[in-house]
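To start, the structure itself, in structure tokens.
The values are calculated or read from the model by the stated rules, or taken from the named source; none is laboratory data. The structure presented is a predicted model; accordingly, all values stated were derived computationally and were not measured. Glycine gets a Cβ as well: all are built from the backbone with ideal geometry, and neighbour counts include every protein chain shown. Heavy atoms of the whole protein, side chains included, go into the accessibility calculation; ligands, DNA and RNA do not. Shrake-Rupley method; radii C 1.70, N 1.55, O 1.52, S 1.80 Å.
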Amino acid sequence: MGTRLTVPAVRARKVRAGGEPLVMLTAYDAPGARLATEAGVDMLLVGDSVAMAVLGYRDTLSVTIDDMVHHTAAVARGEPDALVVADLPWLSYHVSARDTICNAARLVRAGAEAVKLEGGTRRVPMIEALTAAEIPVMGHIGLTPQSVHAMGGFRVQGRTPEAAVEIAESAKALEHAGCFAIVLEGVPADVAAIVTGAVDVPTIGIGAGPDCDGQVLVFHDVLGLQSDLQPKFVRRYADLAAEAVDALARFAADVRSGAFPSAQESYGMAAEQEPRALGATAGAALGLCAR
Ligand code: KIV
């Protein structure tokens, strides 16, 4: 078990100031939160990637605030020894400051210590409203999956000088609005390095190269629990999908052959009961059933 990080401690963790890189992993349920905590991660992100990783959707747009509250509460019940950040899903922070604060408050009451939202300069009013309500906000710029249709697909962002400057300006705007950290997703490594150098809050990269102040990956990607899509930036540290299929196939084979359950895996009658009494009772029961 590590020392539990707070929002101010995360805000102060810049690598250039000698801080150790931040480790963030997504978590969607209590067992996942416990495993990640045991592994010593600093932050758990209840990401709206729950849409694809767990709920079977093609993108994050179908996830609702109710879904996010449900999964945030499950992660919190795992009592993780890590800072819990929950994603505000699409349209939960776009309509009004009132809606944004109420939705974020639901995540906080479910167990989140901070919320994350996607988008650059245009999100400043909502970030200011949230921080004024004492709700810490993590920003998220670059490839923002909730903008999949506006971006024309899941595309690396910031590849032209103009686009790179826009990302850097967004990072500065988010910092000034009060974000305590900023996720940089799907941007060239050079752009991430410039942005990281330009802001005093930590950047947390995903597909953004090595020069960020931390890295985040999706739990299921790290463990090899989903095999359909593997983006270039994912490093798999296990192939649990293959192990799981093997284990489940052996269970199925044991059931079919009668090898499971064994006597050791079965319950007996209470010790004081005579086997003969059981026979008599069973006989009576069978007699009743036959009538
Ligand atoms: O939902 C998520 O998993 C995320 C990470 C990719 C940063 O937002």
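What the table shows:
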read-out: Test for ILE101: is it of a type in the set (Val, Ile, Thr) and open to solvent by 30 Å² or more (accessible area, probe 1.4 Å); value: yes
read-out: Filtered residues of region 1-39 (kept if hydroxyl-bearing (Ser, Thr, Tyr), touching a strand residue (DSSP E or B) at 6+ places or on another chain (Cβ under 9 Å) and surrounded by fewer than 16 Cβ atoms within 10 Å (Cβ to Cβ)); value: THR6
read-out: Index of the failed condition, VAL222 passing every other in (1) more than 13 Å from GLY120 (Cβ to Cβ); (2) surrounded by 22 or more Cβ atoms within 10 Å (Cβ to Cβ); (3) within 13 Å of the ligand (Cβ to nearest atom); value: (2)
read-out: Pairs, first in a helix (DSSP H, G or I) in region 232-247, second not acidic (Asp, Glu), C-beta under 6 Å, six or more apart; value: LEU240/LEU223; LEU240/GLY224; LEU240/LEU225; ALA241/GLY224; ALA241/LEU225; ALA241/SER227
read-out: Qualifying residue in region 251-260 (condition: modelled with pLDDT of 95 or more, among the basic types (Lys, Arg) and exposed (fewer than 10 other Cβ atoms within 10 Å of the Cβ)); value: yes
read-out: Residue in region 104-131 that is farthest from TYR28 (Cα to Cα), counting only those that are basic (Lys, Arg) and surrounded by fewer than 24 Cβ atoms within 10 Å (Cβ to Cβ); value: ARG122
read-out: Residue in region 161-169 that is within 16 Å of the ligand (Cβ to nearest atom) and open to solvent by less than 30 Å² (accessible area, probe 1.4 Å) present; value: yes
read-out: Yes/no for PRO136 being in contact with a strand residue (DSSP E or B) (Cβ under 6 Å, 6 or more places away or on another chain) and open to solvent by 20 Å² or more (accessible area, probe 1.4 Å); value: yes
read-out: All helices (runs of 4 or more DSSP H) inside region 1-109 with 3 or more residues being touching a residue at least 40 places away in the same chain (Cβ under 8 Å); value: 7-11, 30-38, 65-77
read-out: Residues being among the charged types (D, E, K, R) and touching a Ser or Thr at 6+ places or on another chain (Cβ under 8 Å) - total across region 159-203; value: 2
read-out: Scope region 34-53; condition of a type in the set (D, E, K, R) and closer than 11 Å to PRO80 by Cα; matching residues; value: ARG34, GLU38, ASP42
read-out: Single residue of VAL216, VAL191, VAL187, VAL156 found to be of a type in the set (Val, Ile, Thr) and under 22 Å from VAL54 (Cα atoms); value: VAL216
read-out: Residue in region 198-216 that is part of a loop (DSSP other than H, G, I, E, B) and polar (S, T, N, Q) present; value: no
